[in-house]
1. For helix 166-178, report the angle its Cα long axis makes with the longest principal axis of the Cα atoms of the chain; keep it between 0 and 90° and round to the nearest 10°.
2. Using the Cβ atoms and a cut-off under 12 Å, what net charge is assigned to the surroundings of His65, where Lys and Arg are +1 and Asp and Glu are -1?
3. So if each residue of separation counts as 0.36 nm, and I subtract the Cα-Cα distance between Arg31 and Ile186, what length gain in nm does that give?
4. Once every DSSP H run of n ≥ 4 in the chain is given -39500 (n - 2.57) and the sum is divided by its residues, what mean residue ellipticity at 222 nm do you get, rounded to the nearest 500 deg cm²/dmol?
5. Read phi for every residue in the stretch 210-223 and hand back ³J(HN,Hα) as whole Hz from Karplus 6.51 cos²θ - 1.76 cosθ + 1.60, θ = phi - 60°, with x for Gly and Pro.
6. What longest region of the chain stays clear of chymotrypsin sites (Phe, Trp or Tyr not before Pro) that DSSP places outside H, G, I, E and B and that have at most 15 other Cβ atoms within 10 Å?
7. Go ahead and set up a Gaussian network model of the chain, Cα springs under 10 Å, then flag whichever of Pro114, Pro12, Pro167 fluctuates most.
8. Order by neighbour count: Val123, Val242, fewest other Cβ atoms within 10 Å first, most last.
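We did not get these values from a lab; they are worked out from the coordinates using the rules stated. Everything numeric in this text was worked out from a predicted model, so none of it was measured. Quick reminder, even Gly has a Cβ in these numbers, built from the backbone with ideal geometry, and neighbours come from all protein chains shown.
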Amino acid sequence: MEHELSHYYFPPYITLAHMFHAPKGWAIHNREMTEFVLQYVVDGFARYPIGENAYETRRGDLLFHRPHERHSILTVDDSPYVCISLVFHFGSAAFPYDELFKRRHLLGNFADHPVETMLSQLVSHYRLPGLAHQLHCQSLLMRILAEAAQDMEAPGLPAKSDAAQMPKLVLIKNYLNDHYNRNIQINELENVSGLSKNYILALFRKHVGMPPMQYLTWIRVNKAKELAIQTSLSVSEIAGRVGYADVHTFGRMFKKKTGQSLSQFCANLIYS
């Protein structure tokens, strides 16, 4: 589907939205775009110089650069690089990017954050014809920009009252990351950390933005994406690898969390 300026009735005008799986050795050198760019790392690693600034980007990093800012994207042979690229402009309307982003390029890390889901949904809607899907794309783009700007204003530093418990929060998160493929109960997290259930729930809601079991689900979603990108496993096999005995339960969970099925996620990948 072609997305020409005439297809839109108002800004923002989105001219590209895709998820790209870079082949080995792929790179872009000293490119300039005439529009704004958002680049989100779905998986892997790449060096991303913009002007005189050099960034090393990993999963979850969201980069923004302005029209005519010269940039390169340099992959590393032993690391994959999968990204979502959004290219857009506002026509003759002014966009207050300096006020929003303080002239920063790296807007933050949004792994396991609602922004990650919005980006995937935007790519899915962009591939579909019709005004309703275009409106969804525009709405999602503005929400992504707003969330990124808000995250920069309020980075969410731990309060002094529970700063001493932050190592235990990290311990719990690591435990969930190490055991995501089995049925974890909240009492296990109590035993691992020595904290009460209510205190664990409060810490997670305050500093992670979701309860621990929901965080576990996000881990499983992203592990499933990694397996879909990096292996030839079937959906059923991936479901089993991330802790779901029933592929239908896994499918419903994945679509609820990402807005698309795992098969649709794979179909959105562009390899060249």
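1. Approximately 80 degrees, to the nearest 10.
2. Values: positive: Arg31, Arg66, Arg70, Arg103, Arg104; negative: Glu32, Glu35, Glu69.
Summing Lys and Arg as +1 and Asp and Glu as -1 gives +2.
3. Working: separation 155, 0.36 × 155 = 55.80 nm, distance 4.94 nm.
Value of the extension gain: 50.9 nm.
4. Numbers: 10 runs with 117 residues, N = 272.
Result for the chain: -13500 deg cm²/dmol, rounded to the nearest 500.
5. Taking θ as phi minus 60°, the curve returns 7, x, x, 5, 5, 4, 4, 4, 5, 4, 4, 4, 6, 5 Hz for the stretch 210-223.
6. Working: sites that count: Tyr9, Trp26, Phe90, Tyr271.
Maximal segment without exposed cleavage sites: 91-270.
7. Of Pro114, Pro12, Pro167, the Gaussian network model singles out Pro167 as fluctuating most.
8. Working: Val123 24, Val242 21.
Fewest to most other Cβ atoms nearby, the residues stand as Val242, Val123.
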